[in-house]
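Report on one structure; see the data block that follows.
The values are calculated or read from the model by the stated rules, or taken from the named source; none is laboratory data. Note that the structure is a prediction, hence the values are computed from the model and not measured. Counting neighbours? That spans all protein chains shown, and the Cβs are built from the backbone with ideal geometry, glycine included. Side chains included, ligands, DNA and RNA excluded: accessible areas come from the protein's heavy atoms. Shrake-Rupley method; radii C 1.70, N 1.55, O 1.52, S 1.80 Å.
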Amino acid sequence: MTATTADTSGATAEIPPRRNPTRWVILGVICLAQLTVLLDNTVLNVAIPSLTADLGASTSDVQWMLNAYSLVQAGLLLTAGNAADRYGRKKMLMAGLALFGVGSFAAGLSESTGQLIAARAGMGVGGALLMTTTLAVIMQVFDADERAKAIGLWGAVSSLGFAAGPLVGGTLLNHFWWGAIFLVNLPVAALGLLAVARLVPESKNPSGDRPDLLGALLSTVGMAGVTFAIISGPEHGWTSARVLASAGVGLVVLAAFALWEQRIPHPMLDMHFFRDSRFVGAVSGSVLVAFGMGGSLFLLAQHLQLVLGYDPLETGLRMSPLALMIVLLNLTGVGARLLPKVGTPASIAGGMTLLAAGLAAVAVLGADGYGGMLLGLVLMGSGIALSMPAMATAIMSAIPPEKAGVGAGVNGTLQESGNGLGVAVLGAVLNSRFAALVPAAAVGAGSLPEALSRARTDADRSAIADAFASGVQASQLVGAGAVLVGGVLAAVLLWRAERKVVRG
């Protein structure tokens, strides 16, 4: 709200609203909550060998452990955003922290793959509330002059969360059992809950839209059906009844979701947003960056441990240059200074081109050792630091401030969907390539450890390792291609949107 005052001539002038004196502390608190949620997207990657051994998890089980969290979170993000706008962003943020802590506790004590998958799904509910409310609070606490900088820092932390997961997970797994990667969330959730209760102001839009529960159900079921088909394809055959039925149900339900959202008065996803080229361009880039990153980190962690023989901590350390580049470029403000100079389209296109080049370098140069991966990781970190904050700013600027929760939900939904589908699609490429190249002694094996256990000679073991490495390489190249296409598409759409504004 603004106020007015009169000068000596009798004219009135607008007084800018007083800035919240604790706004940067609030940003730190919500970024800590955001970091915890996003670490859980990738921290599990380095625990895959431990889970395979301790719980007897197959490749499909592991993918569901990863995707249960992402799919539930993606399905509920839009509803969580609507609820935050209507009932209070602070309330939803505190509820999210509490649910995330309870889910983490259950995951850490799981004794079977089914229990862990269920616990991860429960964590996804809390994560959905956290991801939508953090960005929505930024939109309310910061004014227009500081909002871009705040979103940039939030975006940097979000990117860091994806990249730093393997290092955090590797450090914990080097000293504790795999359950520690979940239990470490408990003190962070408790600290965040206390800080939010004390520091974060309540904000809401009382006339906001009602939560669209049926829409949330349809989107979750549809995404789960399609992803289940992608995960099951290599094992059961792409033309099997299970895969075709799952894909068919998923696609039909997603189509029903789109029709439902267009017909109800209070949709959780307002289809009018997609008439804005800025919005479409930014979300297209965002989902494909998440697709490439989610699948790439899933594959890279396995390659470093299962093929090159590094332990979890060594794996995390060797993946850390990715996170370090993100931190370095954002702390020095490189992306923030470039954005106004080159514009949003060029920032996003340039960043995604660097990310695609990094994925390709990891695939081609890192096939036989770590040396070639280093260049790729540096390029990937540079690309993320340049592109992700620009995308978040573009998405939120295309949505009215009173719908900040919905905007954050859209942004988070697409990132989580991209991440989950990246793991599923690139994992499917890996499995298909691995199954095609594996020697006769290991035909039908569901994972690399299982294939190696069937090997009888050193030649078989070498051929199995080569088959897996070839599958990883093919998958990384598919991810690089998707990111590059996304960069071009986002840049073109954003450039056209800017031209329309200038002409208008």
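Matching residues to (1) β-branched (Val, Ile, Thr); (2) in contact with a Leu (Cβ under 7 Å, 6 or more places away or on another chain); (3) at pLDDT 75 or above:
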{"site": "57", "(1), (2), (3)": "no, yes, no"}
{"site": "62", "(1), (2), (3)": "yes, yes, yes"}
{"site": "71", "(1), (2), (3)": "no, no, no"}
{"site": "75", "(1), (2), (3)": "no, no, no"}
{"site": "90", "(1), (2), (3)": "no, no, yes"}
{"site": "106", "(1), (2), (3)": "no, no, yes"}
{"site": "128", "(1), (2), (3)": "no, yes, yes"}
{"site": "144", "(1), (2), (3)": "no, no, no"}
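Any chance you could count how many residues in segment 428-459 are under 23 Å from residue 56 (Cβ atoms) and of a type in the set (Asp, Glu)?
Looking only at that region, the number is 1.
Between 416, 402, which is surrounded by fewer than 24 Cβ atoms within 10 Å (Cβ to Cβ), modelled with pLDDT under 75 and closer than 30 Å to residue 270 by Cα? First the steps, then the outcome.
Numbers: 416 fails: surrounded by fewer than 24 Cβ atoms within 10 Å (Cβ to Cβ).
Checking each option against the conditions leaves just 402.
Quick check on this structure: which one of 153, 160 is modelled with pLDDT of 75 or more, open to solvent by 10 Å² or more (accessible area, probe 1.4 Å) and either closer than 25 Å to residue 380 by Cα or among the β-branched types (Val, Ile, Thr) (or both)?
153
Would you say residue 353 is open to solvent by 50 Å² or more (accessible area, probe 1.4 Å), modelled with pLDDT under 80 and polar (S, T, N, Q)?
On the way: open to solvent by 50 Å² or more (accessible area, probe 1.4 Å): yes; modelled with pLDDT under 80: no; polar (S, T, N, Q): yes.
No: the conditions fail for residue 353.
Picking from 376, 366, 371, 409, which residue would you name as being closer than 30 Å to residue 202 by Cα and either at pLDDT below 80 or open to solvent by less than 40 Å² (accessible area, probe 1.4 Å) (or both)? Quick ask: steps written out before the conclusion?
Numbers: 376 fails: closer than 30 Å to residue 202 by Cα; 366 fails: closer than 30 Å to residue 202 by Cα; 371 fails: closer than 30 Å to residue 202 by Cα.
On inspection, the qualifying residue turns out to be 409.
Tell me which residues, restricted to segment 468-481, are open to solvent by 20 Å² or more (accessible area, probe 1.4 Å), within 9 Å of residue 363 (Cβ to Cβ) and among the polar types (S, T, N, Q).
Once the filter is applied, which keeps residues that are open to solvent by 20 Å² or more (accessible area, probe 1.4 Å), within 9 Å of residue 363 (Cβ to Cβ) and among the polar types (S, T, N, Q), segment 468-481 yields only 473.
Which condition number in (1) in contact (Cβ under 8 Å) with a residue 40 or more places away in the chain; (2) surrounded by 22 or more Cβ atoms within 10 Å (Cβ to Cβ) is the one that residue 465 fails?
With respect to (1) in contact (Cβ under 8 Å) with a residue 40 or more places away in the chain; (2) surrounded by 22 or more Cβ atoms within 10 Å (Cβ to Cβ), residue 465 is out only on (2).
Quick check on segment 390-398. Is at least one of its residues over 30 Å from residue 212 (Cα atoms), assigned by the TED database to the domain that holds residue 291 and of a type outside the set (A, V, I, L, M, F, W, C)? Break it down stepwise before answering.
Here is the first cut: in segment 390-398, the residues over 30 Å from residue 212 (Cα atoms) are none.
No: segment 390-398 contains no residue that is over 30 Å from residue 212 (Cα atoms), assigned by the TED database to the domain that holds residue 291 and of a type outside the set (A, V, I, L, M, F, W, C).
Just one of 128, 83 is of a type in the set (A, V, I, L, M, F, W, C), over 27 Å from residue 63 (Cβ atoms) and either crowded, with 24+ Cβ neighbours inside 10 Å or touching a helix residue (DSSP H, G or I) at 6+ places or on another chain (Cβ under 6 Å) (or both); which is it? If you could, list the steps in order and put the result at the bottom.
Values: 128 fails: over 27 Å from residue 63 (Cβ atoms).
Just a single option satisfies the conditions, and that option is 83.
Do any residues in segment 282-298 that are of a type in the set (Phe, Trp, Tyr) have Cβ atoms under 7 Å from those of residues that are open to solvent by 10 Å² or more (accessible area, probe 1.4 Å) and at pLDDT 80 or above, where the two are at least six apart or on different chains, and which pairs are they?
Sorted first by the residue in segment 282-298, then by its partner, the pairs are 291/482.
Which condition number does residue 9 fail, the rest of (1) part of a helix (DSSP H, G or I); (2) modelled with pLDDT under 75; (3) open to solvent by 10 Å² or more (accessible area, probe 1.4 Å); (4) of a type in the set (Gly, Ala, Ser) being met?
All conditions are met except number (1).
Residue by residue through segment 73-84, note down the ones that are in contact with an Asp or Glu (Cβ under 7 Å, 6 or more places away or on another chain) and either within 16 Å of residue 139 (Cβ to Cβ) or polar (S, T, N, Q) (or both). Give the derivation first.
Narrowing segment 73-84 to residues in contact with an Asp or Glu (Cβ under 7 Å, 6 or more places away or on another chain): 73-74, 77, 79, 82.
If the condition is that a residue be in contact with an Asp or Glu (Cβ under 7 Å, 6 or more places away or on another chain) and either within 16 Å of residue 139 (Cβ to Cβ) or polar (S, T, N, Q) (or both), then 73, 77, 79, 82 are the ones that fit.
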